[in-house]
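This report concerns only the one structure given below.
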Amino acid sequence: MSPQQLMERLRPLLGVRLGEPVVARDPVNLPMIHHWCDAIDDRNPVYTDPEFAQRSVHGGIVAPPTMLQAWTMPGLVSKEAREARNASGVFAVLRLLDEAGFTSVVATNCTQEYVRYLRPGDLLSAETLIEAVSEEKQTALGAGHFVTQRTSYRDQNGELVASMSFRLLKFRPPVRASAAPPAATKPRPKPAITHDNRFFWEGVAQRELRIQRCNACNRLQHPPGPMCAGCHGLDLGYVRSRGRGSVYSFVWAHHPVVPAFELPNLIVLVELEEGTRIVSNLVGVAREDVRIGLPVAVEFAEVEPGRLLPRFRPVAA
Ligand SMILES: [Zn+2]
């Protein structure tokens with residue numbers, strides 16, 4: 001399929017109603033709100049405490065607005081969910097892009113607008129249009145098309161309660177010459193340096209592993225932030241870590257295929273002797289020897305001339 005043919009086949013699917021709206025499996029309900037608030041650690045009592053909510057401006061329990069998408073998610077496993085998904089017009093667009101070779105997907109941005117708070121008993125339905133599919137673009141992940149979807153959420157009376165704009169990139173995955181992991185051919189993405197983490201990266205440049213410390217209560221925290229999570233103090237300094245610790249958890253990442261990384265990428269969560277944990281890479285270890293509790297020490301690898309990155313290597317206990 002040529003790029004022109006693809007765009008011609010996509011055009012009739014843009015901005016038009018494609019199939020029936022998805023109706024929520026369950027009305028907005030308190031048990032789901034509880035699970036959400038537990039998972040997000042949102043302790044606003046207007047979501048969970050009926051008496052508090054009654055006295056609030058809402059006059060009763062309301063759902064966290066950011067739960068919006070959760071209400072109409074069809075679930076992963078039911079036959080009905082699969083059939084509904086496959087019948088939806090959105091998937092017709094995505095399938096066309098699959099057929100044209102743009103088989104990989106990554107979400108790029110999402111914006112939600114809330115018209116009103118949702119309350120227990122509201123039954124939502126969601127209707128999604130594909131607003132736009134971009135011309136083929138070159139991106140860091142490969143050539144692809146940006147797909148912009150717009151979902152309108154309505155209540156049981158047909159009133160608009162919220163809307164969402166969601167954009168994803170459907171891209172052509174890099175071709176692998178063999179089953180061997182692709183060599184890292186591009187420089188690693190540079191870290192985003194902010195006011196909060198500058199001390200960390202300045203330390204790395206001097207082969208020091210620095211951990212943020214609250215000057216008020218001495219609590220250590222990583223990654224660095226603008227505020228102490230313990231006492232909410234804003235006077236933050238740092239300590240120099242000894243750089244020793246043990247593997248708290250690890251994963252062999254096979255996806256996504258990004259040229260800057262050799263795959264599989266061994267990512268570890270190291271528990272430092274100081275007590276904080278840090279995400280990094282582990283090197284110098286056979287695949288079968290990686291285990292939780294493995295003693296490790298930091299080293300600084302020059303990933304390109306003049307640019308260091310901290311990583312870890314096994315050491316004797
Ligand atoms: Zn503190």
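The values are calculated or read from the model by the stated rules, or taken from the named source; none is laboratory data. Everything numeric in this text was worked out from a predicted model, so none of it was measured. Virtual Cβ from ideal backbone geometry, glycine too; neighbours counted across all protein chains shown. To get the accessible areas, we keep the full protein, side chains included, count just its heavy atoms, and leave off ligands, DNA and RNA. Shrake-Rupley method; radii C 1.70, N 1.55, O 1.52, S 1.80 Å.
Numbers below:
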| quantity | calculated |
| --- | --- |
| Subset of region 189-222 [more than 16 Å from the ligand (Cβ to nearest atom) and open to solvent by 70 Å² or more (accessible area, probe 1.4 Å)] | Pro189, Lys190, Ala192, Ile193, His195, Arg198, Glu202, Ala205, Gln206, Arg207 |
| Contacts under 9 angstrom Cβ, first residue in region 252-270 being open to solvent by 30 Å² or more (accessible area, probe 1.4 Å), partner of a type in the set (Phe, Trp, Tyr), 6 or more apart | Pro264/Trp252; Ile267/Phe250; Ile267/Trp252; Leu269/Tyr248; Leu269/Phe250 |
| Considering residues of region 223-250 that are part of a loop (DSSP other than H, G, I, E, B) and under 28 Å from Glu304 (Cα atoms) only, the residue farthest from the ligand (Cβ to nearest atom) | Gly243 |
| Residue selected from region 28-43 under the condition open to solvent by less than 60 Å² (accessible area, probe 1.4 Å) and outside any helix (DSSP H, G or I), by the criterion nearest to Pro64 (Cα to Cα) | Asp42 |
| Odd one out for Lys137 among (1) in contact with a Gly (Cβ under 7 Å, 6 or more places away or on another chain); (2) more than 30 Å from Ala260 (Cα to Cα); (3) open to solvent by 30 Å² or more (accessible area, probe 1.4 Å) | (2) |
| Evaluation of Leu129 against (1) farther than 30 Å from Asn265 by Cα; (2) away from the ligand (no atom under 16 Å from the Cβ); (3) aliphatic (A, V, I, L, M); (4) at pLDDT 95 or above (one fails), failing number | (4) |
| Phe52, sole failed condition from (1) without any contact (Cβ under 8 Å) to a residue 24 or more places away in the chain; (2) in a helix (DSSP H, G or I); (3) within 22 Å of Glu113 (Cβ to Cβ) | (3) |
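Every residue, every condition in (1) touching a residue at least 60 places away in the same chain (Cβ under 8 Å); (2) not β-branched (Val, Ile, Thr), yes or no:
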| position | (1), (2) |
| --- | --- |
| Val28 | yes, no |
| Ile40 | no, no |
| Gly59 | no, yes |
| Ala63 | no, yes |
| Leu97 | yes, yes |
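Residues checked against (1) of a type in the set (A, V, I, L, M); (2) closer than 29 Å to Ile292 by Cα:
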site: Ala192; (1), (2): yes, no
site: Asp196; (1), (2): no, no
site: Trp201; (1), (2): no, yes
site: Asn215; (1), (2): no, no
site: Pro226; (1), (2): no, no
site: Gly233; (1), (2): no, no
site: Tyr238; (1), (2): no, yes
site: Val247; (1), (2): yes, yes
